[in-house]
1. Of L109, L94, which residue is modelled with pLDDT of 85 or more, farther than 17 Å from A26 by Cα and buried (at least 18 other Cβ atoms within 10 Å of the Cβ)?
2. Could you tell me whether region 172-185 includes any residue that is surrounded by 13 or more Cβ atoms within 10 Å (Cβ to Cβ), modelled with pLDDT under 90, not in a loop (DSSP other than H, G, I, E, B) and not β-branched (V, I, T)?
3. Can you find a residue that is under 10 Å from the mean Cα position of the chain (by Cα), at pLDDT below 90 and among the charged types (D, E, K, R) anywhere in region 138-156?
4. When both residues are 6+ apart or on different chains and their Cβ atoms are under 9 Å apart, which pairs have a first residue that lies in region 28-56 and is under 24 Å from L135 (Cα atoms) and polar (S, T, N, Q), and a second that is at pLDDT 85 or above and assigned to a loop (DSSP other than H, G, I, E, B)?
5. For residues that are aliphatic (A, V, I, L, M) and in a helix (DSSP H, G or I), scanning just region 6-33, find the one that is farthest from L56 (Cα to Cα).
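The values are calculated or read from the model by the stated rules, or taken from the named source; none is laboratory data. Here the structure is a predicted model, which means the values were calculated and not measured. Methodologically, a virtual Cβ is constructed for each residue, glycine included, from the backbone with ideal geometry; neighbour enumeration extends over all protein chains shown.
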Amino acid sequence: MQVQNTMSHEQLMAYASDPGNALTQAFAGAVCTAFASGTFPALLFGLSEQQFRCLLDRYFPGAWVELFAMAVLSDADAPCPAFHQEEMQDLIGLFLEHRSSEREETTWLAYVIAAGCMGGNHLWQDLGLSGREALSDLLRQNFTALHDRNSGNMKWKKFFYKQLCDRAEVNLCKAPSCQVCNDYRSCFGPEDASGLGSLSAAGGRAAGEAQPA
């Protein structure tokens, strides 16, 4: 099912029951990333349409009727965009393996963060969060073991993909250690908002391609 309309982060957050909650912000960011990619948002949460409506009722009461029910959807039989399904599943598996609780919100968040990794900005931006610190807090609360493994404070998106590479025993690093690598700043540098666009889905994700974290 392909979505033909667009939705801004501000539009959805206007319905948020708790706008200051990082989980609420992350859910909103994932929904907008889905719309930007032309994907029905429920797919990125691993939910059916009915389950997705329940999520909206819990975090964005009134949004389904006012925003989503008005969405213009193409032929329901049309195939959904692939949206890097294999890559998504690898990331989702990583997060679910390290979740700190069995709450359904934690499972939703695993899908959300994986979807956010498909975006073209820093991960905290594509999740609609206020900054890297908010993302780190969200990860510490919901995926504690994975959060604590990033003892070197590597950029989160870089860190997640490094975990997948380590699992597959694939080494794409150009230097024997991070401290002597010419790309050190790319993996550990500051994550400000300069020079980055708005919520978007990333195109071509070739191995070794430089991307915001």
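1. On the way: L109 fails: farther than 17 Å from A26 by Cα.
When all the criteria are applied, what remains is L94.
2. First pass over region 172-185, keeping only residues surrounded by 13 or more Cβ atoms within 10 Å (Cβ to Cβ): 173, 178, 181, 183-184.
Filter once more, so that each one left must be modelled with pLDDT under 90: 173, 178, 181, 183-184.
Still in the list and also not in a loop (DSSP other than H, G, I, E, B): 178, 184.
Okay, now just the ones that are also not β-branched (V, I, T), so 178, 184.
Taking every residue of region 172-185 in turn, at least one turns out to be surrounded by 13 or more Cβ atoms within 10 Å (Cβ to Cβ), modelled with pLDDT under 90, not in a loop (DSSP other than H, G, I, E, B) and not β-branched (V, I, T).
3. no
4. T33/L127
5. Step one: filter region 6-33 for residues aliphatic (A, V, I, L, M), giving 7, 12-14, 16, 22-23, 26, 28, 30-31.
Within this subset, residues satisfying the condition of being in a helix (DSSP H, G or I) are 12-13, 22-23, 26, 28, 30-31.
Details: L12: 10, M13: 11, A22: 15, L23: 13, A26: 13, A28: 10, A30: 12, V31: 10 Å.
So the residue we want is A22.
For every residue, the table says whether it meets (1) at pLDDT below 85; (2) buried (at least 19 other Cβ atoms within 10 Å of the Cβ); (3) farther than 21 Å from A114 by Cβ.
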{"position": "L12", "(1), (2), (3)": "no, yes, no"}
{"position": "Q25", "(1), (2), (3)": "no, yes, no"}
{"position": "G62", "(1), (2), (3)": "no, no, yes"}
{"position": "D75", "(1), (2), (3)": "yes, no, yes"}
{"position": "C80", "(1), (2), (3)": "yes, no, no"}
